[in-house]
1. Would you mind working out the magnitude of the charge dipole of the chain relative to its Cα centre, with +1 at each Lys and Arg C-beta and -1 at each Asp and Glu C-beta, to the nearest 20 Debye?
2. For segment 3-225, build the charge dipole from Cβ charges (+1 Lys, Arg; -1 Asp, Glu) around the Cα centre, then report which of 147, 78, 130 sits farthest towards its positive end.
3. Once phi is turned into θ = phi - 60°, what whole-Hz ³J(HN,Hα) does the Karplus curve with 6.51, -1.76 and 1.60 give for every residue of segment 394-409, x standing for Gly and Pro?
4. Just in segment 405-447: which trypsin sites (Lys or Arg not before Pro) are loop by DSSP and have at most 16 other Cβ atoms within 10 Å?
5. Shape of segment 276-411 from its Cα gyration tensor (a ≥ b ≥ c, root eigenvalues): rounded if a/c is under 1.5, otherwise prolate when a/b > b/c, or oblate?
6. What is segment 248-464's relative contact order, in percent, from Cα pairs under 8 angstrom and six or more apart in sequence?
7. Based on Cβ point charges of +1 for Lys and Arg and -1 for Asp and Glu, what charge dipole magnitude is obtained for segment 214-363 about its Cα centre, in debye rounded to the nearest 20?
8. What residues qualify as long-range amide H neighbours of residue 421, i.e. H under 5 Å apart, gap of 5 or more or another chain, H built at 1.01 Å from N?
Amino acid sequence: MNRLLISAAHKSSGKTTLTLGLAAALRARGHVVQPFKKGPDYIDPLWLTRAAGRDCHNLDFFVMGRDEILRTFAARAAGADISLIEGNKGLYDGLDLDGSNSNAALAHLLAAPVVLVIDARGMTRGIAPLILGYQAFDPDIRIAGVILNQLGGSRHEAKLRAVIEHYTDVPVIGAVHHDDRLAIVERHLGLVPSNEASAADAKIGVIAERVAAQVDLNRLLAVAADALPLPEVVAQPTITPAPTRTDVRIGIARDAAFAFYYPGDLEALRAAGAEIVFFDTLRDKRLPDVDALFIGGGFPETHMEALEANAGLRQDIHAAIEAGLPAYAECGGLMYLARSLAWGDRRCEMVGVIPGDVIMHDRPQGRGYAKLRENGRNPWSSGGNNEIRCHEFHYSSLENLPADTIYAYDVLRGTGIDGRNDGIVHKNLLACYVHMRDLDANHWAARFVEFVRRQKHSEPRRQATGGKT
């Protein structure tokens, strides 16, 4: 399995832009490219999926065991000509002092050569000790090449190449000059999602063209082909099997406002017997005929006026949840189901099934990894007081909730709704600020589908929906 990990000396070095450019350029050459992203993220994978033409999958030490990461990588990389793993932050950055969840740790686990992206603005001779230091810090990590980024011109490139060749043994695989055309608009959670960028394909095309012209793709392929064999995978690598039956319909909001879904979670829902029906909260006037709802994260605040204007759909969703329709919402979905959403001097009405008001802030209100403990109130709980590892990243807070609000989780790490609780339970709705993944430690999708199945065939549910199942 030809593979390499693309990391950086520090955050915001341009590795995402370069990785999606490489994915698109290699795909244009006819290669089958499988993208991966380290850590919790939705936005970069949306871009990488679009560039590679294959779903990007996340590899995350916090929520996945080492064997699960290996199995996931092996299963998803099968059939690809090359796998590109985009790191997060710097090569050695991570939660723990020992670096056990760093990009370097992932490269070591997957026996993947590392290509280091260096933002070389203002650098000349100083680039040599930087590269030498990264090599010496962990001799087990193979830095197989560097891509210089944000160069000031041909003279700058020539100086850097001469310094690196003289002082180090690391090859320069690419040298990308500063170019405003390569910039992707950013907002408070990072890059604007590719599903929302109207000219996303054209942007990716420009980036791919410039990267292909300034990176030695043949040398990059040679580095990937020189990866050591994967460590033995404990269990046979598998992808979620096809369902034996499809007997419930789950409506999933997917549009410019809501797009944060892990592809493995959607596979797990289908494998459990769900037919997925996508709907558009901005354009669809009525709720489709479904047995449950899943409204994931996104940027409802940037589309708040359009969400408010689509009153017919909001009313349908409100009525369905009040009638007992099972529903699950994460972050942006929770914001949409609240009473109102305010950002600056603007305030818009939302669905109103959650009796609280969402306020946008200038700084994150919850950010990073989170850990929850079930308290038994989740309508599709796994039972007991299990701990769930997850993540959150929201600039909003939920205010004015009633004192008798029911919560499904105690927050052990992170913020959730109020620093102590997360997971509002109302009828058959569960609405969280955190994002969960369907993984070995928390197969939530099958539990949710089974709950939907039971509710679909229950007499009270049939009566509430006029006998429709």
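1. Values: 52 positive and 57 negative charges, 99 e Å.
For this selection, approximately 480 debye.
2. Going by the charge dipole, the pick is 147.
3. With coefficients 6.51, -1.76 and 1.60, one gets 9, 9, 10, 10, 10, 10, 6, 6, x, 5, 9, 4, 9, 10, 9, 9 Hz.
4. Values: sites: 413, 420, 427, 437, 447; in loops: 420, 427, 437.
Of the trypsin sites (Lys or Arg not before Pro), the ones in loops of segment 405-447 whose Cβ has at most 16 other Cβ atoms within 10 Å are 420, 427.
5. Details: a/c = 1.75, a/b = 1.19, b/c = 1.47.
Here segment 276-411 falls in the oblate category.
6. On the way: 503 pairs, mean separation 43.2, N = 217.
Contact order relative to length: 20 percent.
7. On the way: 13 positive and 22 negative charges, 29 e Å.
The calculated dipole for segment 214-363 is roughly 140 debye.
8. The list, which skips near neighbours in sequence, is 411.
Every read-out reported here was derived from the displayed coordinates using simple, explicitly stated rules and does not represent laboratory data. Only a predicted model underlies this, so the values are computations on that prediction, with no experimental measurement involved. Counting neighbours? That spans all protein chains shown, and the Cβs are built from the backbone with ideal geometry, glycine included.
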